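Taken together, the values in this text are just the output of simple stated rules run on the coordinates, not laboratory data. Bear in mind the structure is a predicted one, so any value in this text is a computation, not a measurement. Cβ: placed from backbone, ideal geometry, glycine included. Neighbour counts: every protein chain shown.
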Amino acid sequence: MSTQSPPIDLSNLWMPFTANRQFKANPRLLKSAQGMYYTAADGHRILDGTAGLWCVNAGHARPEIIEAVTRQARELDYAPSFQISHEDSFRAASRVAALMPDGLDRIFFTNSGSESVDTALKIALAYHRARGEGQRTRLIGRERGYHGVGFGGISVGGISPNRKTFSGVLLPGVDHLQHTHAPDHNAFSRGQPAWGAHLADELERIVALHDASTIAAVIVEPMAGSTGVLVPPVGYLERLREITSKYGILLIFDEVITAFGRLGAATASGHFGVTPDLITMAKGISNAAIPAGAVAVQRGIYDAILSASHSGIEFFHGYTYSAHPMATAAILAALDIYERDGLFQRADSLSKLFEDAAHSLRGRPNVIDVRNIGLVAGIELAPREGAPGARAAEIFSRCFDRGVLVRYTGDTLAFSPPLIIEESQIHELFDTVSEVLGEVA
Ligand code: PLP
């Protein structure tokens, strides 16, 4: 008897953020995952240099998470989250709150980063309205920012291909700060670039133009990941905090990538010592075993919204699957692993070695910048003339065949391995990329 599965039909599935025609001509399929490795459908093993999509922070197939989710599915497969709940949703909220900076201890559950972002933007608007400042509706994002794919998220986001098709219906009243990528000043920085704190002062210009009384919130990724790893210049986030506080504007850090250890601390806010008013998260919150996300909200914001409402529902927002029992089971189990195995500290202690390994690619063919922080690195390549992104795409594909998973955005390769990565695997990751760089014109 043949052990081969019947061939699959690739035509029905419309793949997200994928060149569908190219993929279907040359599909890359994964079959299983364990620890630091994927196994492809053809059986070859692939070192996961990206924690899936920046999300499997504790490594793949953790038995504790699998067991917790399985147990939960048997016991309570689903519970409504409107006007009724289940105990683990409160336990999970308390555990998440304990990892947030002081004061951000009110937790709203979602299922994804995009939902977390739209939730945070709505909370910001509801807060100002609750305080009698309903005219504060303007939202400020940043060029090159990625905040998911909801209409709110793409409006404050700053990645042009994600916006242009929908440009006629983006939220009104949104401005963008300038991004912080300045290779003339900060190429090959190790950790935070020294140059660029003053770029935050542009917020003063936007405030002067519109008046603070019209501005609800500023949202930025403390470390911009999806656009190709942009590390905030020294002093930049502090400056944004000063200016937003001065004018009563809420500051939202989108930590969908950075929360849960990526920079070597529970949050990027904690790592940088800058406390925003709201934090959005997803991905690592459940180690990606079950879709989950959340927004951590400063207690005063929650109190203001609740006390503005005399009775009944205070905030008209929520998802059928907010605090889904299997998501809260996965969250509790993932947070246990992070704590028990000291994974945030592990990321911190590996970060210097990771930095050195990433910067060892300086001088390799076509490498024009290396950027890094915590267990994140971006290697920017010179684009091929007339074919931006093609060189990085080819390197990604060759690395995949060679057994190493990297990501690419434009011509930047991005690295964000699970926090359980071993030293020898860090070398394997960057050595493979180094070899492939030597082969690709
Ligand atoms: N915000 C940031 C900073 C992200 O990096 C992402 C995804 O990469 C999102 C939001 C969107 O998350 P999701 O794809 O879970 O909707």
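Annotations for the structure displayed:
- Protection-proxy order for peptides 95-102, 207-214, 48-55, each taking the mean of Cβ atoms within 10 Å per residue, highest first: 48-55, 95-102, 207-214
- Beta bridges from DSSP with both residues in the chain: antiparallel share about 65 percent, rounded to the nearest 5.
- Helical runs assigned H by DSSP (4 residues or longer) give the chain a calculated mean residue ellipticity at 222 nm of -11000 deg cm²/dmol, each run adding -39500 (n - 2.57) before division by the residue total.
- Counting 0.36 nm for each residue step from S311 to D102 and taking away their Cα separation leaves a gain of 72.4 nm.
- Projecting the Cα atoms of G270, T119, H176 onto the charge dipole of segment 66-340, computed from C-beta unit charges around the Cα centre, puts H176 farthest toward the positive end.
- Rough spin-label spacing in nm, given labels placed 7 Å along Cα→Cβ, for R74 and R205: 6.2 nm
- Counted by neighbouring Cβ atoms within 10 Å, the residues S5, S85, S32 run from fewest to most as S5, S32, S85.
- Put a dot 7 Å past the Cα of A304, heading toward its Cβ, do the same for F400, and the two dots end up 4.6 nm apart.
- With 0.36 nm allotted per residue and the present C-alpha distance subtracted, the E64-R340 stretch has 98.2 nm of extension available.
- For the chain, built as a Gaussian network whose Cα springs stay under 10 Å, the top-fluctuating residue of F400, F17, F166: F17
- Cβ-placed point charges (K, R +1; D, E -1), dipole of segment 1-75 about Cα centre in debye, nearest 20: 160 debye
- A straight Cα-to-Cα reach below 17 Å connects K246 with the aspartates and glutamates E133, D201, E202, E204, D211, E238, D277, residues fewer than 8 places away in its own chain not being considered.
- Loop sites in segment 302-366: GluC sites (Glu not before Pro), DSSP, at most 16 other Cβ within 10 Å: E314
- Stretched out straight at 0.36 nm per residue, the stretch from F82 to L30 would grow longer than its current Cα-Cα span by 15.0 nm.
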